[in-house]
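All remarks here apply to the structure that follows.
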Amino acid sequence: MIDFVQKHLPILIVVLPLLAGLGALFVGRRHQPWMLALATTWTVFGLTIALLTRVLRDGTVEYAIGGWAPPWGIALRVDAVNAFILLIVAGIAAVTTVFARRSIAAEVPDYRWRFFYSAWLLCFTGLLGITITGDAFNLYVLLEISSLSTYTLIALGMGKDRRALTAAFRYLVLGTVGATFILLGIGHLYMMTGTLNMADLAVRLHDLHDNRVVLTAFAFMTVGLGLKVALFPLHMWLPNAYTYAPSVVTAFLAATATKVGAYMAYRFMFTIFGRTFTEGQFTVDIFLITFSCIAIVFASFVAIRQNHIKRLLAYSSVAQIGYIVLGMGLHNPDGLTGSIVHVFNHAITKGGLFLALGAIVYRLGDVTVGEFQGIGRRMPLTAAAIVVGGLSLVGVPLTAGFISKWYLIQGCIESGRWVVAIVVLGGSVLAVVYVWRLVELAYFTAPSQPEVEVREAPLSLLIPTWLLIGATVWFGIDATFTASTARTAAETLLGVIP
Amino acid sequence: MIVDLPPALLLIAGALVVPFLRGPLRAAWMVGVAVAALVNFVGVEHGTHWQVGVFGYTLELGRVDKLGYLFGLLFHIAALLAVIYSLHVKDTVQQVAALAYAGSAIGAVTAGDWITLFVWWELLALTSVFLVWAGRSEKTYAAGVRYLLVNIASGLLLLAGILFRTNDGGSLSIEPMLLGDTASVLIFLAIGIKCAFPLAHGWVIDAYPRATPTGTVFLSAFTTKAAVYLLARVFPGAEPLIWIGLVMASFPIFYAVIENDLRRVLSYSMINQVGFMVVGIGIGTPLAIDGAVAHAFADVIFKGLLFMAMGAVLMRTGTANGTDLGGLYKSMPWTTGFCLVGAASISAFPLFSAFVTKSMILSAALAEHHYLVWWVLLFASAGVLEHAGIKIPYFAFFAHDSGKRPKEAPWNMLVAMAIGSVLCIVIGSFPSLLYGLLPYEPMLHGHAYTPYDATHVVTQMQLLLFAILAVWWLMKAGIYPPEERKINLDVDRLYRALARGFWWIVTVPLAHLGKAIDSAVLERIPARVVAFAGFAHAEERAHRGWVTGASVLIALILLVGYLLVYYLSG
């Protein structure tokens, strides 16, 4: 048994949730689908830990599906980069699934629960699949699986607010455009090289780095990936999707979907395009850095004036994505380490924050400024979680956010980009402003409806919230694991480690 | 050392338990933690402890040498006194924040590397701001926000300096540096803010007088002294410090004379005393540094004592304004007595603490032939006597009788003040106890410094007598500025205007502009283009679906843009 699992570890990570996703429709109509989802996500989380441990110990793990050797068959290829992202996706899924039972029971009518958990597990499958596969076309298929299920998940927020439907529709259109662009990019690459295997692509593109067709592919990819990660100015689908999706879906998507988008960008930009990206006569990095700097500043300003707290944090996500892309644009070891470690740190931070908002929605029905007033006294533990998460968004020492900014700023200084370093610090100051607004509302304002009695959230919501928020403190104090893994991943991408 | 943990964590861990205890148990716990931490620290061996490797750097969570030990000891004593003084407080937030704040200060003076220091540096700000907010009014809230902004700015400067340093290949270990390159200037400014350098001092006089009576006692002990410690550690002998220190020692005197709020007078007085220390560090000889450090030790205790006395007055009468007080000695005799000890100490009367510490700085200035420095410090000493030695006790406890007959301060306050008074007198009367702890003390063995020789005592007594005579004459002649309710303009007003302006610009025009751009430029304008071109059906427009079309348009524009740029440059 153990041998079997060890041998087939990579494929199990995708197959288990896929089967469970289909099974969720048939196991029952009450809480059984949730139990199945819970068992699956935690099992997969365990498997990803095992996989990461193995990759960090033995180096890249390759797995040929059905025994067909690459480049002919579909291969799964796991190095430090995707092993780390897999761990993030599975870890977040495991924690948010715990939260989902009560939260979904409150926000989604019960006859839709099994559809919800089915879509939930399929989305999980898609995200894991994108991350683990070594085949470019396979990546596109899994991207569609995750995207289609995501649209469903967002639309399920309609039980509370009909605007979830328009939000989902809009994401559907833009997400499809993005995925199509990615497909077109892959198609162009196939046209030039005749292969879809990523490792093979990388080898063959090495001498084609300034070929026109490859450049066209690169342009399609840049826009397609930009849409998927919601890099300014392609972020327009994100705020509404995050605002109107069911709370736990927002937490899951914010912590994983854009992060997997960032992973695709790492993979395509560094591994596959490689020289086109890093050695091109034109400097792509200028675009990435410019757009990410605008994202950091602009989205933070927009966040300041939001009255729906979920939307406020959604814009904050747009800004935080700026930091992730910025680290890519710097393409030096410190900057890229900062980017990868921020994928992890922002996942736990934003995941925890959105879960905390979910707990407020559970008690008060919504999280606009009105509900948020005086929440510090009504739901002290939830509000404290928001404060700690907010500190991590700002990048205060002893929180995970600090570690990311530390590396990013070092990366900026290393490339002599002073202005960018100032933008990173300035982004923190703007984050102080919008986080401060939350603190002021929670602790220094009286509740708008004092007569309504509000109790602290139940433990089944508090525990997952604090697991993530606690993790932001834990990995802010001891960043050895995250920083060293991200460093290994960055060096893998930059070709320092083969 | 009893517990094998970095000393700072003991108080922090103690703070975390506080919310779960009630009543007398909580009080006992707080005193117990402070005593245990002190006992534990006394036994800490000098050297580097608790090294940990974190993300590729080696952090030294605890480095204890003579300088760090002296400040650590001082902070432990100050924490214990302040805890006893605030035992009657029933406010969980204040109690947790106060202990954590003291712990952060201890962390800062025992940190061996810059990253650890930076963490404690920011925690100093984050924990102490709750002592300002504890007043729970609009004014204390705003003052707290400003306090936080300034202190976080200091942290950001420090971080920038550290990043520059590591980027230049400098080590993370905290070692003396020369003032010159970018890294050192940034770090210098960061320390300067917390040290209340002139123009950066606004936060002290803005926030300290607004904190709760007990909160100010904590505040006055730690932040500025941690900065003094760091200056002594990193920039000993940096000449600009002499001149900065001189300005700090002299200008607050004028403000202190005309200020009505006695806690604000004490805040100015604090800047003035820190000025003496900064001068000592700037002179940089072993005697001068020892003097600066010793003076910091004495200052924390006598300034704490004065703030305690004023805090007791504020608590009992509800005001600390000179105009509203007077004659309190009749009903608060003990507090009056302790306040007089504090006043005598800060004025450097022989047998009281500042006499044996401040004179080292003055002697060092003479020894280095800094005659101008010596004269200015002498003048500043006379000013200290006037505003802190005479004004504070005189207006609060004597002067014209205000008719107020408040109760004597509660027992715990009296105990804390009594211990403080004893320490002031012990240090002043048996200086060798303190001298034995000083960082350069071994070097002085050749010709040990003796404060009680004829010249010192006579000079000082002359100075004091003439200063007293001068004040007496000024009062008789009616020239002495009377107590008035008025607001004296200082840079803190400028801070407030700047802070308000910054907040307004960010949250009103810029944030609105961002929101407008987000909806107009990114959605509505492209949407109109789409509609104008006839791509969108009326039905879609009605459902606002057209906004989606706009987003797709932007994606297309970007694609074309990228293609063009890639082709042209490729």
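The values are calculated or read from the model by the stated rules, or taken from the named source; none is laboratory data. What you are looking at is a predicted structure, and each value in this text was computed from that prediction instead of being measured. Here the Cβ is made from the backbone with ideal geometry for all residues, glycine too, and neighbour counts use every protein chain on show.
Quick rundown of the values:
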item: Sole exception among (1) farther than 30 Å from B:Val150 by Cβ; (2) aromatic (Phe, Trp, Tyr); (3) more than 14 Å from every other protein chain (Cβ to nearest Cβ) for B:Tyr69, by number; result: (1)
item: Residue among A:Leu238, A:Leu183 that alone is over 20 Å from the mean Cα position of the chain (by Cα) and not basic (Lys, Arg); result: A:Leu183
item: Among (1) of a type in the set (D, E, K, R); (2) in contact (Cβ under 8 Å) with a residue 24 or more places away in the chain; (3) surrounded by fewer than 24 Cβ atoms within 10 Å (Cβ to Cβ); (4) more than 19 Å from A:Trp406 (Cα to Cα) - the single one A:Asp334 does not satisfy; result: (4)
item: Selection count where residues are over 21 Å from the mean Cα position of the chain (by Cα), closer than 26 Å to B:Asn167 by Cβ and in a helix (DSSP H, G or I), scope the stretch A:379-419; result: 8
item: Filtered residue count, the stretch A:420-469, keeping only those that are within 14 Å of chain B (Cβ to nearest Cβ) and either assigned to a helix (DSSP H, G or I) or buried (at least 23 other Cβ atoms within 10 Å of the Cβ) (or both); result: 25
item: Test: residue in the stretch A:380-391 that is surrounded by fewer than 23 Cβ atoms within 10 Å (Cβ to Cβ), within 13 Å of chain B (Cβ to nearest Cβ), under 21 Å from B:Trp120 (Cα atoms) and modelled with pLDDT under 90; result: no
item: Filter result for the condition that a residue is buried (at least 19 other Cβ atoms within 10 Å of the Cβ) and at pLDDT below 90, over B:Pro6, B:Pro19; result: B:Pro6
item: B:Arg136 vs. criteria farther than 22 Å from A:Pro397 by Cα and touching a Gly at 6+ places or on another chain (Cβ under 8 Å); result: no
item: Test result for B:Gly155, part of a helix (DSSP H, G or I) and either in contact with a Phe, Trp or Tyr (Cβ under 6 Å, 6 or more places away or on another chain) or within 11 Å of chain A (Cβ to nearest Cβ) (or both); result: yes
item: Among the candidates B:Gly318, B:Gly326, residue that is within 25 Å of the chain's Cα centre (by Cα), surrounded by fewer than 24 Cβ atoms within 10 Å (Cβ to Cβ), in the same structural domain as B:Tyr449 (by TED's automatic domain parsing) and on the phi > 0 side of the Ramachandran plot; result: B:Gly318
item: Verdict on B:Ala183 being at pLDDT below 90 and outside any helix (DSSP H, G or I); result: no
item: The stretch A:470-493, residues that are among the aliphatic types (A, V, I, L, M) and outside any helix (DSSP H, G or I); result: A:Ala479
item: Residues located in the stretch A:119-151, provided they are crowded, with 24+ Cβ neighbours inside 10 Å, more than 25 Å from A:Ala202 (Cβ to Cβ) and of a type in the set (S, T, N, Q); result: A:Thr125, A:Thr150
item: Odd one out for B:Asn40, checked against (1) polar (S, T, N, Q); (2) touching a residue at least 40 places away in the same chain (Cβ under 8 Å); (3) touching a Pro at 6+ places or on another chain (Cβ under 9 Å); result: (2)
item: Matching helices (runs of 4 or more DSSP H) fully within the stretch B:347-465 where at least 3 residues are modelled with pLDDT under 90; result: B:353-367, B:371-384, B:392-397, B:432-435
item: Residue in the stretch B:29-45 that is crowded, with 16+ Cβ neighbours inside 10 Å and among the charged types (D, E, K, R) present; result: no
item: The lone exception for A:Asp161 - which of (1) part of a helix (DSSP H, G or I); (2) more than 10 Å from every other protein chain (Cβ to nearest Cβ) it fails; result: (1)
item: Pick from the stretch B:135-149, criterion among the hydrophobic types (A, V, I, L, M, F, W, C) and surrounded by fewer than 23 Cβ atoms within 10 Å (Cβ to Cβ), ranking: farthest from B:Cys195 (Cα to Cα); result: B:Ala142
item: Odd one out for B:Gly103, checked against (1) within 12 Å of chain A (Cβ to nearest Cβ); (2) among the small types (Gly, Ala, Ser); (3) buried (at least 24 other Cβ atoms within 10 Å of the Cβ); result: (1)
item: Helices (runs of 4 or more DSSP H) within the stretch A:1-97 that include 1 or more residues buried (at least 21 other Cβ atoms within 10 Å of the Cβ); result: A:9-23, A:32-58
item: Condition broken by A:Val229, with the remaining ones in (1) over 30 Å from A:Ala106 (Cβ atoms); (2) in contact with a Lys or Arg (Cβ under 9 Å, 6 or more places away or on another chain); (3) more than 9 Å from chain B (Cβ to nearest Cβ); (4) surrounded by fewer than 23 Cβ atoms within 10 Å (Cβ to Cβ) satisfied; result: (4)
item: Number of the exception - A:Arg377 against (1) modelled with pLDDT under 90; (2) under 23 Å from A:Cys412 (Cβ atoms); result: (2)
item: Residues of the stretch B:178-197 classified as touching a helix residue (DSSP H, G or I) at 6+ places or on another chain (Cβ under 7 Å) and surrounded by fewer than 18 Cβ atoms within 10 Å (Cβ to Cβ), total; result: 4
item: Sole residue being small (Gly, Ala, Ser), more than 11 Å from every other protein chain (Cβ to nearest Cβ), over 20 Å from B:Asp518 (Cβ atoms) and touching a Pro at 6+ places or on another chain (Cβ under 8 Å), chosen from A:Ala257, A:Ala251, A:Ala199; result: A:Ala199
item: Criterion: farther than 22 Å from B:Phe302 by Cβ, touching a residue at least 40 places away in the same chain (Cβ under 8 Å) and in the same structural domain as B:Thr317 (by TED's automatic domain parsing) - qualifying residue of B:Ile242, B:Ile253; result: B:Ile242
item: Matching entry among A:Asp210, A:Asp135 (being away from chain B (no Cβ under 14 Å) and at negative phi); result: A:Asp135
